[in-house]
Amino acid sequence: MPASGNEAGVARISIIESIKEDMLAFEKNFPLDSLQRTNFGQEPLITLLTCSDSRVPLYVFGETFNRIFSVENIGNQVKTSEGSILYGLLHLHTPFMLIVGHSDCGALKAAMSDYSGEPGAIARELDNVKKSLHEIQSSAYTLREEPSVKYTQLAELNVDMQVNYMLANTAVARLVEEGSLSIIGIILDLHNVYGQGYGKSYLINHNGVRNLQQLQQIKELKGLAARMQRLTAV
């Protein structure tokens with residue numbers, strides 16, 4: 001039964017109160033010393049491209065303040081936010097880029113359906129997702145029948161496509177070749193599709209390398225060796 005107007009109003013006031021409390025907490029704990037050390041400038045270590053899904057919080061990857069230059073859009077698409085991403089890589093010079101997809105991605109499902117009735121701005125973003133899926137489906141990959149597994153496989157392959165898009169940029173490719181940039185593809189498993197627990201993250205791609213045995217040989221990834229996992233054979 002829908003909430004009454006009064007109940008909805010009370011709920012909205014409660015949300016505003018929680019926003020105010022969060023603002024006060026940030027002010028109280030503002031990391032001024034950290035910011036002063038950088039002369040109040042930006043010095044992030046990670047350019048993060050992730051799906052804007054509210055179940056994929058930035059703090060999965062630790063402290064965010066002046067550490068993560070975050071870019072979020074539906075379906076974690078390079079083409080949707082390429083300028084912002086390149087700003088992080090070419091102007092802020094982050095040594096790492098993380099491209100993060102997740103299980104049960106609604107953008108992937110929407111892009112595979114009829115979204116012609118969506119507003120133009122949403123449709124244009126879904127067009128980018130659809131193009132990525134089209135490139136994936138033009139290749140020979142075996143997808144499982146079970147929907148949760150199938151869409152997680154597509155999320156993996158979608159991350160792979162975004163890594164490829166980044167490597168197709170000559171300036172970015174040069175940074176990778178020089179060893180000053182690593183592009184890492186990750187899947188956040190919200191639904192225990194991999195069978196190892198809810199909320200676990202898995203490394204699936206490094207600078208275009210997707211084979212698990214090859215990934216395990218990359219020295220800088222040694223600390224993430226136990227988190228290398230794929231559902232999709234490559």
Exercise. If you scan region 117-153, which residues turn out to be over 19 Å from the mean Cα position of the chain (by Cα) and among the small types (Gly, Ala, Ser)?
Worked result: Gly117, Gly120, Ala121, Ala123, Ser138, Ser139, Ala140
Exercise. Is one or more of the residues making up region 194-203 more than 15 Å from the chain's Cα centre (by Cα), buried (at least 16 other Cβ atoms within 10 Å of the Cβ) and assigned by TED's automatic domain parsing to the domain that holds Tyr59?
Worked result: yes
Problem set entry | All positions within region 77-108 that are under 20 Å from Arg55 (Cα atoms) and either loosely packed, with under 15 Cβ neighbours inside 10 Å or outside the structural domain of Asp160 (by TED's automatic domain parsing) (or both) | Gly106
Exercise. Of all residues in region 158-195 being hydroxyl-bearing (Ser, Thr, Tyr) and not in a strand (DSSP E or B), which is nearest to Ser52 (Cα to Cα)?
Worked result: Tyr165
For this session: Among the candidates Tyr151, Tyr198, single out the residue that is touching a Leu at 6+ places or on another chain (Cβ under 8 Å), aromatic (Phe, Trp, Tyr) and within 30 Å of Leu86 (Cβ to Cβ).
Result: Tyr151
Exercise. Would you say Val149 is assigned to a helix (DSSP H, G or I), touching a strand residue (DSSP E or B) at 6+ places or on another chain (Cβ under 9 Å), among the β-branched types (Val, Ile, Thr) and surrounded by 15 or more Cβ atoms within 10 Å (Cβ to Cβ)?
Worked result: no
Exercise. Does region 59-71 include one or more residues that are crowded, with 19+ Cβ neighbours inside 10 Å, among the polar types (S, T, N, Q) and assigned by TED's automatic domain parsing to the domain that holds Gly185?
Worked result: no
Exercise. So how many residues does region 1-33 have that are at pLDDT 90 or above and farther than 28 Å from Ala107 by Cα?
Worked result: 19
Problem set entry | Of residues in region 1-56 being of a type in the set (Gly, Ala, Ser) and either under 27 Å from Ser81 (Cα atoms) or in contact with a strand residue (DSSP E or B) (Cβ under 9 Å, 6 or more places away or on another chain) (or both), the one surrounded by the most Cβ atoms within 10 Å (Cβ to Cβ) | Ser52
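The values are calculated or read from the model by the stated rules, or taken from the named source; none is laboratory data. Source: prediction; values computed, not measured. Reconstructed Cβ throughout: ideal geometry from the backbone, glycine too, with neighbour counts over all protein chains shown.
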